[in-house]
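Values quoted throughout were computed directly from the atomic coordinates according to the rules given, and no laboratory measurement underlies them. Predicted model, so just to flag it, every value in this text is computed and none were measured. Heads up, the Cβs are rebuilt from the backbone with ideal geometry, glycines too, and the neighbour counts pull from every protein chain shown.
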């Protein structure tokens, strides 16, 4: 494992620990988020082990791709008030899940390739969900300061991650097509991942179901 991988694992370990410590104080969507972080930590460790032993972490990347989409989409389902958006989220989960298995079977083998065909549309959907939720937050404001709202930090994390990762995919594909050195782009990926998990950590730290319940009365 290189230095950046170790730093990523340490950050995920810390965030996972915070998720466990604060679990009982979290509302249901953020309990799902806590599980998503813990599973991501486990898959990251396994991915590094696969990379060391088999020189290929495609299986863990494939699992991480679909579990990430399902977990984050379900969280959005519970955060949204708009019933039409909720239905769209359910449909997107079904479509992406079916597409994932088709892709893993026929196009990007589960044990060989990172699932870019699924990852790219997933990030586009996350960006759309986050923008729609920001719009809904403006339509239904709460009395809590925005920087103390866990939903704000979660949504900011998703918007940051989805847009920068989409840029990362495009840039890495361009470098590969033109046979250019792409070492720096993977350092960029680690930075994106670390910032994302720090923002998720802030969301977990600011979440308090009791305060939210009082504000909604």
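Data for the structure
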quantity: Relative contact order (%) - criterion: Cα under 8 Å, at least six apart; region: segment 1-92; calculated: 27 percent
quantity: Cβ-derived FRET efficiency at R0 25 Å, residue 148 paired with residue 7, nearest 0.05; calculated: 0.35
quantity: Theoretical ellipticity at 222 nm over the chain - DSSP helices of four or more residues, -39500 (n - 2.57) apiece, nearest 500; calculated: -27500 deg cm²/dmol
quantity: Relative contact order %, segment 3-216, counting alpha carbon pairs below 8 Å whose residues are six or more apart; calculated: 27 percent
quantity: Distance histogram in 5 Å bins (all Cα pairs of the chain, percent per bin); calculated: 1, 7, 13, 18, 20, 17, 11, 6, 3, 2, 0, 0
quantity: Ranked packing of 24-33, 71-80, most packed first, by mean Cβ within 10 Å; calculated: 71-80, 24-33
quantity: Proxy reagent accessibility, fewest Cβ within 10 Å first, across 68, 8; calculated: 68, 8
quantity: Relative exposure of 148, 55, judged by other C-beta atoms within 10 Å (fewest first); calculated: 55, 148
